[in-house]
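Encoded as structure tokens, the structure appears first; notes follow it.
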Amino acid sequence: GEASYTYRHALLRDTAYGSIGRHRRAELHVRFARWIRGLPTPLGTELAGTHLAVAHDVLPATSAGLDDGTTAADLAREAAALLAGAAEASMVAAPQRAAALLSHALGLPAGTGAERLARRLDLAEALRRSGDVALALEAFSNAAEQALARDDEESLVTAAVG
């Protein structure tokens, strides 16, 4: 069932995590992410992105990747895309949640310059919608700087209007 993947107590989780190596833990997080995406739950995208991000973070730097050939860069790219997609779905109803998801996505070393700029603009919009004007202005300013550096006039206009 959908509730079967939760730990009932932090000590159980810590014991489970402590008993397996980082590479195996990354493998399990990826396996869980792929399983949860197949469930008909609105949180599937967010949970899958979160678990792929954790897999990226726990994968040892000395590892070439997962056993199936997935690299750390692949994990970061897929996680960032899923987190950004979940943020888009939360933008109207829960802009604070959208901002947190976009911050997480931007914290991953993934995405083209255009994708990162779009996520930065979305983050600024989520912050604006959540009422955090100071952080929103700072985020729009950062996006404008990136748009200028990329010579992206459309994004620069979006940042200026924001």
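The values are calculated or read from the model by the stated rules, or taken from the named source; none is laboratory data. Computed from a predicted model, the values in this text were never measured in an experiment. Note that each Cβ is placed from the backbone with ideal geometry, even for glycine, and that neighbours are counted across all protein chains shown. Note: accessible area is taken over every heavy atom of the protein model, side chains too, but ligands, DNA and RNA are not part of it. Shrake-Rupley method; radii C 1.70, N 1.55, O 1.52, S 1.80 Å.
Remarks
- Rolling a 1.4 Å probe over the protein heavy atoms gives the chain an accessible area of 56 Å² per residue.
- Working note: Karplus 6.51/-1.76/1.60 with θ = phi - 60° gives the range 134-148 the couplings 4, 5, 5, 4, 5, 5, 5, 5, 4, 5, 4, 4, 5, 5, 4 Hz, where Gly and Pro are set to x.
- From the coordinates of this entry, mean projected area of the Cα convex hull in nm² is computed, and it appears in (i) 11.1; (ii) 8.8; (iii) 10.1 under the label (i).
- Here the alpha carbons of the range 44-112 define both size measures, Rg and Dmax, at 12.4, 41 Å.
- Ranked order, Asp57, Asp74 - accessible area, probe 1.4 Å, largest first: Asp57, Asp74
- Heavy-atom accessible surface of His9, to the nearest 10 Å², is about 100 Å², with a 1.4 Å probe and all protein chains retained.
- In order along the range 63-68, the phi-based Karplus estimate (6.51 cos²θ - 1.76 cosθ + 1.60, θ = phi - 60°) of 3J(HN,Hα) comes to 7, 6, x, 7, 5, 8 Hz; Gly and Pro are listed as x.
- Residue by residue, the range 95-108 carries 3J(HN,Hα) couplings of x, 5, 5, 4, 5, 5, 5, 5, 4, 5, 4, 5, x, 8 Hz when phi is fed to the Karplus relation 6.51 cos²θ - 1.76 cosθ + 1.60 (θ = phi - 60°); x denotes Gly or Pro.
- Each of Leu52, His104, Ser19 was scored by the projection of its Cα onto the charge dipole of the chain, and the greatest displacement toward the positive side belongs to Ser19; charges sit on the C-beta of Lys, Arg, Asp and Glu.
- Sorted peptide list for 144-152, 130-138, 112-120, criterion being average Cβ within 10 angstrom, highest first: 112-120, 144-152, 130-138
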